[in-house]
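The values are calculated or read from the model by the stated rules, or taken from the named source; none is laboratory data. Fair warning: this is a prediction, and the values are worked out from it, not measured in the lab. Positions of Cβ are backbone-derived with ideal geometry, glycine not excepted, and every protein chain shown enters the neighbour counts.
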Amino acid sequence: MKVFNTYSRQVEDFQPIEAGQVRMYTCGPTVYNYAHIGNFRAYMFEDILRRQLRAEGYAVKQVMNLTDVDDKTIRGSRAAGVSLQAFTARFKQAFFEDLKRLNIEPAELYPAATDHIPEMIVLIEKLLAAGHAYRSEDGSIYYRVKTFEGYGRLAHLDMGGLKAEARVSQDEYDKENVGDFALWKAWDDADGEVVWDSPWGRGRPGWHIECSAMSIKHLGESFDIHTGGIDNIFPHHENEIAQSEGATGCHPFVRYWMHCGYLVVDGSKMSKSLGNFHTLRDLFERGYTGRDVRYVLLSAHYRQALNFTFAALDGARSALARVDEFRGRLAETAGAAPVTGAGAAPAWVRAPLAAFRAAMNEDLNTPEALAALFALVADGNRALSQGGVSAGEAAAALQALRDMDRVLGVLEAPEPVPDAEALRLLDARTQARAARNWAEADRIRNALAASGWDVRDGPEGAKLKPRRA
Ligand SMILES: [Zn+2]
């Protein structure tokens, strides 16, 4: 498998540190609002990456952090008049619901920043001891960027200016150098109740240090892959390298840095003022499914800018309908035929499957992989129309679709997940039955049926199953 490494700006052969095992860290969401489709582009790219690694036989340990303390979460919780924890809990839950609807495989771990303050303090102490950090007058701790030899290498920056002691502007008088960044921020009024004790006084961690602390804790001082959006390269990932290698002395902190490109909407940068800012929830309200959105997000190569349009969503829907129809035809022909070895598959199945795998192993080339999928659909439809497809061959083609979908995750329609209203109704029905109010229980059952849910009563209580059309 080959991947593009941002650090070297080259496509490289992927070789994990430990044979057969991939350790991968992903910068996760800041849980202060509903994530938008630009955010989900990055989580989708990471999902495709882990699925392809798994399809190639690697065991994957992916860690995705949840940023639940920073300026935005603190501001949001104060504006809402609730605790930081209560404020972020709501958006954490929404985030996991959205991931599920996009059929994104869960990471192995989702550490939260607020659960790792002691680890961050230990890391900052090491940086202070090594001379990489200093305490400013107000009790904040800054990283002294000029002490880290490789600073700027990931982003390919010319750091000459910084090394020559750039003048510090008036409003940042407590830093020695403009490029220095906060590891620990001393408490001030804006932080309200959000505060932790540290050896340097009360305060809270900087954003960058959380990813160094959590990745080292859960993946070790040196691991295989670190991902994010290209907007994370500088300063966030550059700072992570300086912090992690500065504290541990272990180089490299990360073997392969992988970043996905921007997402624009109708050719423009997404912004609330342009009215083209879409959360995933907005798209569901317009009647699109997670499957439609997922298809659009994987239709462009992850390193290219992706132009998101409603026309593309409609196109996704019809492309998926073509696959569904093809699968239906295959299923009819296959009947109960067992899948035999891959060698028994006809050339019109083998060739696109091989092309698919080659495309995905070439730095996750999803546009080419989708082209291979549609070559299978076109050639298979032609063969079916000519009546020359045996039951075994149709079964082999169905298996090829399943193999492709292990990576794409978009061909099989995922089971719908009941929404909050359906769950509330189910609960009300359970209560009506407990009160022996059979008429009310029946009325609720009918209301659920009208919104697409069947109620199944079982030994573990009542459950909702999607109604089949
Ligand atoms: Zn991060």
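Quick one: in the stretch 111-135, of everything that is within 24 Å of the chain's Cα centre (by Cα) and of a type in the set (A, V, I, L, M, F, W, C), which residue is nearest to Ala89 (Cα to Cα)?
Per the stated criteria, the residue is Ala112.
Can you name every residue in the stretch 313-348 that is surrounded by fewer than 17 Cβ atoms within 10 Å (Cβ to Cβ), outside any loop (DSSP other than H, G, I, E, B) and of a type in the set (A, V, I, L, M)?
Correct list: Ala321, Ala331, Ala342, Ala344, Ala347.
Pairs, please: C-beta under 9 Å, at least 6 apart or cross-chain, first residue more than 15 Å from Phe45 (Cβ to Cβ) and among the hydroxyl-bearing types (Ser, Thr, Tyr) and in the stretch 1-25, second within 16 Å of the ligand (Cβ to nearest atom) and assigned to a loop (DSSP other than H, G, I, E, B)?
So the pair list comes out as Tyr7/Leu154.
What residue, of Arg78, Arg51, Arg90, is touching a helix residue (DSSP H, G or I) at 6+ places or on another chain (Cβ under 6 Å) and assigned to a helix (DSSP H, G or I)?
When all the criteria are applied, what remains is Arg51.
Of the numbered conditions (1) under 30 Å from Ala378 (Cα atoms); (2) not assigned by TED's automatic domain parsing to the domain that holds Phe374, Ala336 fails exactly one; give the number of that condition.
(2)
Can Arg291 be described as crowded, with 16+ Cβ neighbours inside 10 Å and under 18 Å from the mean Cα position of the chain (by Cα)?
Answer is yes for this residue.
Please determine, by comparing only the residues of the stretch 323-373 that are polar (S, T, N, Q) and more than 26 Å from the chain's Cα centre (by Cα), which one is farthest from Val3 (Cα to Cα).
Among those that are polar (S, T, N, Q) and more than 26 Å from the chain's Cα centre (by Cα), it is Thr333.
Suppose we filter the stretch 229-262 for residues that are in contact with a Leu (Cβ under 8 Å, 6 or more places away or on another chain) and either surrounded by fewer than 21 Cβ atoms within 10 Å (Cβ to Cβ) or at pLDDT below 95 (or both); how many remain?
4
Looking at the stretch 266-288, which of its residues are more than 17 Å from Asn33 (Cβ to Cβ) and within 22 Å of the chain's Cα centre (by Cα)?
Matches in the stretch 266-288: Lys269, Tyr288.
Of all residues in the stretch 49-66 being closer than 22 Å to Lys92 by Cα and either away from the ligand (no atom under 16 Å from the Cβ) or assigned by TED's automatic domain parsing to the domain that holds Glu362 (or both), which is surrounded by the fewest Cβ atoms within 10 Å (Cβ to Cβ)?
By that ranking, first place goes to Lys61.
Those residues that are of a type in the set (Gly, Ala, Ser) and either modelled with pLDDT under 95 or farther than 29 Å from Ala59 by Cβ (or both), I need them from the stretch 201-228; list them, please.
Within the stretch 201-228, Gly201, Gly203, Gly206 qualify.
Out of the stretch 54-68, which residues are in a loop (DSSP other than H, G, I, E, B) and under 20 Å from Arg357 (Cβ atoms)?
If the condition is that a residue be in a loop (DSSP other than H, G, I, E, B) and under 20 Å from Arg357 (Cβ atoms), then Glu56, Gly57, Tyr58 are the ones that fit.
So which helices (runs of 4 or more DSSP H) stay within the stretch 206-307 end to end and still have 1 or more residues that are within 16 Å of the ligand (Cβ to nearest atom)?
It comes to 207-219, 238-248.
So Phe95 fits all but one of (1) surrounded by fewer than 19 Cβ atoms within 10 Å (Cβ to Cβ); (2) out of contact with any Lys or Arg (no Cβ under 8 Å at 6 or more places or on another chain); (3) touching a residue at least 12 places away in the same chain (Cβ under 8 Å); (4) closer than 30 Å to Asn361 by Cα; what number is the exception?
The number of the failed condition is (1).
Every residue in the stretch 17-34 that is assigned to a loop (DSSP other than H, G, I, E, B) and either within 13 Å of the ligand (Cβ to nearest atom) or under 11 Å from the mean Cα position of the chain (by Cα) (or both), please.
Cys27, Gly28, Pro29
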